[in-house]
Each structure stands twice: as structure tokens, then as C-alpha cells.
1. For segment 710-734 and segment 755-808, write down the distance between their C-alpha centroids in whole Å.
2. Do any GluC sites (Glu not before Pro) in segment 267-339 lie in a DSSP loop with no more than 15 other beta carbon atoms within 10 Å, and if so, which?
3. Taking each pair of different alpha-carbon atoms in segment 684-815 once, compute 1/r for the pair, average those values, and report the inverse of that mean as the Kirkwood hydrodynamic radius in Å to one decimal.
4. Nearest 5 is fine: what % of DSSP beta bridges in segment 278-358 come out antiparallel, could you say?
5. Once the piece of chain linking GLU714 and HIS118 is laid out straight, how much longer is it, given 0.36 nm per residue of separation minus the C-alpha distance between them?
6. Once every Cα of segment 575-668 carries one equal point scatterer and solvent is ignored, give the base-10 log of I(q)/I(0) from the Debye formula at q = 0.12 Å⁻¹, two decimals.
7. Set the Förster distance to 51 Å, then compute FRET efficiency between LEU79 and ARG810 from the Cβ-Cβ distance, nearest 0.05.
8. Enumerate the whole-percent occupancy of each 10 Å bin, from 0 to the last occupied one, for all C-alpha pair distances of segment 521-811.
Amino acid sequence: MVDTAVNDPAHLFADGGRHDTTLTSMWSGACRLPEHPASSALPCEIENYAGQKQACLLAGLHLNTRTASLLLYPSRSPLKLGFDKIRRLTLTVPSTSESKRNDSIPPESDIFQRYTLHYTDGKVQGGTLAGYQEHSGDLFLCECSETESTQLYRVFIPREAIKEFQLDAGQPTSTITSNDIRDTNTPLESAVSDDSSAISNPADLLNALEAQRSKPVIRIGQALLSLGYIQESQLQHALTHQKTVSKTPLGEILLQLGYIDREQLRTALAYKMGYPIVDIIKFPIDNEALRHLPLTTARKLRAVPLLCREKFFVFATEDPLQQSIVDEIEFTTQCKAHPVLANSAVDANTIRQIYARHGFDEGGKIADNTDDDQPSTAQILQSLEQEAEGDDNAPEIEQSDNQLVRLINNIIIEAYQAGVSDIHIETHPNKRKVRIRWRKDGMLRLHMELPHTYRKALVARIKIMCNLDISERRKPQDGKIDFSRYSPQHHIELRVATIPTYGDAEDVVMRILASAKPIPLHQLGLTEENYRMLINAVERPHGIVLCVGPTGSGKTTTLHSVLQHLNTPDKKIWTAEDPIEIANPDLRQIQVNPKIDWTFEKALRALLRADPDIIMVGEIRDTETAKMAIEASLTGHLVLSTLHTNSAPETVVRLLDMGIDPFNFADALAAVLAQRLVRRLCPHCKQPHPNAEELVNELIDDFLYDFPETVRPEAEAIRRAWMAEYADHTGTWNFYLPAGCDHCDHTGYRGRLGIHELLSVDARMRRLIQTRRPPEALREEAVTHGHFRTLRQDGILKVLQGLTTIEEIRGSTAH
């Protein structure tokens, strides 16, 4: 028989065509088709790999995206089904061979030919053909009916389903007339190199990538063998040659040896490995994709950005098998990268023209904000590249100074804008990726992961930014980054700690010290009673007020709010801090530096000679500083400071245990404010609590637990008081649960609020301090004769106001 081909392979799979002009043209070279009713879909039957058959309407076949558009009753919208899900597609309306329309021709006649088809799932099928067309590995058959030889059924077998197709031995060549078959042979390569067959719109590209996802990966050598482009001996020669140049892809070696040409390589990549072919000139490139990949990087990698959709980045290249290109693009863009095949050469000039056409210059219109005068960074990057080249198993990742600096700058800027307090960079001695985590609202979350080959350069660059010794990797180091040196529009300071870890690795923790303004005292979330008592304590002319709690509980923020409240023209206020986290031009702030023996104790001693009215000491770390603070308060100054303790009563006992004189301390102490930060419910998505009454009973039990038995009120009295203050006019409680939305990153919480306990010192409390009574006695006295509420009790009141949840309070406090 005559091996037929279709005249116009670029239009084999046109959408929505008429039966006699488009869809049917794929088989019209093998048999004439009868006129059909005016409809854009053909009745067909789909068979899957399980042998199940489904009747439907065929609205279109798409070669470039490897999908079929099907209509299933009663839906009016076409469903796209990947060719990898189809074993066999048959048009159920038969056609009749025109030259034999009046005569029945038996199947054994010499115009028919027997065939055997082996499917990839092991099934074998045979039949009689009146003609067939093989196009790019796909088969279009005109199969003879088993009962009526003049009836021909048009069958499509996608190449994904075909293992082997053969005509039975001894069969003669078909002699079907030219009226039945148009003999217009089209080479396979023409279907690949023809620009009209390349994808030129985003929708088709996304469909093609979806179809590719489920396609099994085939080695490039096997793909070229199956297409008949090379012989087994040539493949083995190329594989042997590759061992001497291990970083050269096999396809490039076959090109260098002259066994294949570029078009044959592109054909194998596209039609055996499933990579979509994209017309890089006609494709409407997404500007966001160009912004993510700088022009210099694109030219170096010979990659054309196409699409960027929410961490999904698609680019075109001549060799999508080079994993090093994918790795570097993922590193640069921080997106999941998907390579596709360019339909033409991707050279530096082509890439430059594409960027220029969209208005992008050499910088890619991406804010660089880098310190270009960093030769040591370039040396580190060069050293890292050499290290990677020496490791045959390491991914081939090329870097540049600008890329590394841009990455670190972006991490810091994004963290600052997102309200992050700490950035954790965690490296590993093996090939595990570098993990970067953020602490936001007290919770540590994964932000990104980087290739393991960047771990040394990343840590070294941060050391350079804070003037640390990059050669010292055995001992911890502390430093500070003034980020305005690298990005003038961002006034951010970072406290940096590097810590050696197992296997010669290093971790970096950066605390963001944003130059924020003090929060007004009345906005700290204090209850009315706590606010009144705190004002009374800090407005005294002398004494010491302590703010206590764990790291990150907002102690410094509270003290600066107090200082802002006290800051009037008739007062001189000094602060000694390490570091200065909140810059206030109305205060005289100094930063201590233990490395040069400029400690809190020495700073406090110096400030006493500077005629202060109010002194704020960043932290009482030792006995000497505590004694100096008490001495300053007893000599007519108001002293504010912080301490790392769990509660207000425990703070008193802690200082006494440090060797402080109890009588001087009792006379100097005005108040101790303990606090925690808990997550605030997102106002945009919080939902009413479904079991409010049960929650009220739980809250009452928790609230009463902290009262001494001698003064514990009745539960019903607490309920009535809460109902009057916190319930609405209908008696409904304002309890809420977290839900999650875009405003809160789907956590249900946005921002934090403080919970407090304030121990105010009066004559009774002084006597207890002088006699070194335990924390329980101090707490009982404060509750009995004062207005003291514990941290948990204050948190429960925040729950009653609908600001947070009881789970947050219980997680931050203990009975």
C-alpha cells in the first residue's frame, strides 16, 4: 500500500473545524469522508488503558499540547483529556472507500493489509487496514470493518500508547487509487520545525505542561534510538566519550560527534520526552517573568522567560535536560521552574531583543540595591564555584555576586515588610538544602530553601555585611548590619549571630531591629487598673520600675512607651542599651559594647554623673548592674530596666537571690510589670465560637484557680460581672475562633497583643520583701490587698473581649 501522509501537518489538530475541512482532514488522505450534519464535533469512542470505553463527541485534537477536546453528555463545555490517558480513539461514523463503493471487496483482497499493534500496557491488537498515516509517532488508521469491508473506521492511536506497530509479513503493497489516498509524504522533522506547530499562547502552554506531567521520562539516548536517528554503536560511543567530559549533556556530545543534527535532537526532546515546543518570537511573554529573571542571567543560561504564575515559572531553552539551568533559575526566581523547548536558537542577541521589546534593560528593571564594591564577595563566589566543580555529584549551579547580594537583600526587605522579628539560616554538612525560616508573631515558619552549594557563600556574605571574620568558622560571632548601607531607602538594622554547627557548617540568626516609633502608652493593651497603677509608678520622682518576661515579649517596646510618656522639656532622659532597638531623637541614647569593656554597669555609673532625671538600662544582667540601678534610684532618679523572669513576684526573689540588700531594694522598688505577647485574632476572618457557654465555664475555672482560697470569689459572681461588662445587650458572648484568609496568611491570626501582671509595691509589700518572703506570699498579698491579676487572668479578659483565644493564653502562661 502507499504510505500516506497529511498535506498540512501544522493544521492536523485545528480546533472546532467542520467535518469536511478540518477535523476530518487527519484521515482524509486515506479515505474520502461523507458529508455530515453541520456540527463542530464528531461522534467517537474513547478507550482507556483499563479497557473501558466511553462514547462522546470529538471537538478537537491538539498535537502541540497532546490533548483531545471531548464533549460528554450533558455537558456543553469541552473536556481536555491528555493523550497519555487514551489508548485508542475511534470515530464511530464509518466512511466508505469511494473506488469500491459498488463492489464488496473481501478482506483478503490485495488492496487491504493486515497489521499488528503492540500497546505499551502489553495488550496486542490486530486488524485490516485500507490505509494508515504515521505522523510524529502518532498513528491515524483507516481500519476495515470486521463485517463490511467497504466500511472504514477512522482510528487515532497516540504515540504514548504505542510500543510497536508492524504490518504482517507477506502482505502486498496496497493499490488503493489516488481518489482514496493522497500520497504526499511529509518528513517527521517538518512537523517539529514548522513554526506553525509551536505553541504561541499561554493557555496551550499550560495544557501541554499538564499533559507532560504524567508522561514517563525517557532517556535522550533511548529516544533517539527509537526514532531511528542513531544506532546502538553510536550511542555507546557517545556514552564512553561522555565519561571524559562529564559535564557535557549526551545530546550535545552526539551533536559534536556528528551523529545527529540540532533538529533531530529537538524532535527527540519534543516527541519522545514530552517537552512542549514554544515559538519564542510569537509567544506573548509575561512581563512578570522578565522581572523575575534578570537579562544578564537569562543570557548566561540561554533561557527565555515565558510565564510566571504564583511561584510557577516557565522558561524556554534549547536543552531542557540541563538540570543546572533549572536549579539556577529556581534559585534566582525563588519559583518552581519548568523548562520547555524553544522552536529556534536561543542566543544572546535573541534574548536581548526579547527583553528590549518589552522595555527591559540590562538590569531587567529589578532594583538592585547592592553594594558593588565587594571584591571579597566575588572571591567567595568564585571559590564556591570551584568547590562545586570538584564535586561530580553536586548540581551544576553558577552564581554571580549580584545574584547572591540581591537574594540576601530581598530576604531582609521582605522579612521587614512582613513584620518578621527573626531570620534563621540553617545549613547542613551534607547535601540537604539550606533552610531559611522566619519568626513572625512568635511562630517559626519555613520561608524558602536554597541549593546546598550556596551555604558557604551565603554565610560569608552576611559576615561581610556585619564586619565579621569570614575565615573564622569554629567560634560564634556577633555583629550588626546597618542595612541602609546596601539599600538607602530601607532604614533597617539587624543583630547577627553566627553559630558553628556539626560538620563544619554554620547557622546564622538575624534579629530585625527596625527603627520604629514608640507606641503610645495607652495603646499597649493594659487594663484600666494596670494602666492607672503603672502611671502612678513611673510618675514618681525616684524609684525603680522593672519590666520582665522572656526574650521577644515586648519589654523594650513597653519601656520606650513609658519613656515617651515621661518625655517632657523639663526632664533629662538617658538610656543605655544593647542594641538600640528603637531610635528616639528626643532621648540621649548610648549603646554599650562589652567587647571594649563598655558594660551596663560602667555606662550606668557614667550616666549618674550626667545629671539625669530618668535612666533606662536595657537589661540587668549581673549583680553589679542591679546594685548600681538601686543606688541610682535611691539617690533621686527614676530607673527603668528589664529582666528575664517569668512573673512579677519571682522577679523580686530573683534579685534578692543575686545578693541585693533587701532593705535598699524594698525602698527602691516601685513596681514590676510582667508581660507576654500572644497572637491576635485576624479581624477579617475570625468566626464566632459555637460553644460559648462551655467556654465561659472553662474561663471561670481558670480565672478562679489563681486566687488564694482565702479570697477566692464565687463563680456566679464572676459570671454576673463578666456578663455586665463583656456580653452584648442580648447576653451573647464575644468569643471567636481563627479561620484564615489572605490578610493573615491563612493562619487565623494577625499581629500580637500584650497580656500583663503588675505588682505595685506598697508598705505591706515592702515588709514582705525585707523579710525575703517567697513568691507565693508576695502574690497572695498583692491579690488580697491590691488589684493584682496574674498573666493568665489578664489573658482571659482579652479572650472575653474577643481579641484572642484561650489556646493562645494557655500556651503562653502557666498556673
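No lab work stands behind these numbers, since they all come straight from the coordinates. All values derive from a computational prediction rather than experimental measurement. Because the Cβ atoms are built from the backbone with ideal geometry, glycine has one as well, and the counts that use them run over all protein chains shown.
1. 20 Å
2. Of the GluC sites (Glu not before Pro), the ones in loops of segment 267-339 whose Cβ has at most 15 other Cβ atoms within 10 Å are GLU310.
3. Values: mean 1/r = 0.0606 Å⁻¹.
Computed over segment 684-815, the radius equals 16.5 Å.
4. On the way: 5 of 12 bridges.
Here the share of antiparallel DSSP bridges comes out near 40 percent.
5. Length gained between GLU714 and HIS118: 206.1 nm.
6. Log10 I(q)/I(0), no solvent term: -0.37.
7. E between LEU79 and ARG810, to the nearest 0.05, is 0.50.
8. Each 10 Å bin holds this share of Cα pairs: 6, 26, 31, 22, 12, 3, 0.
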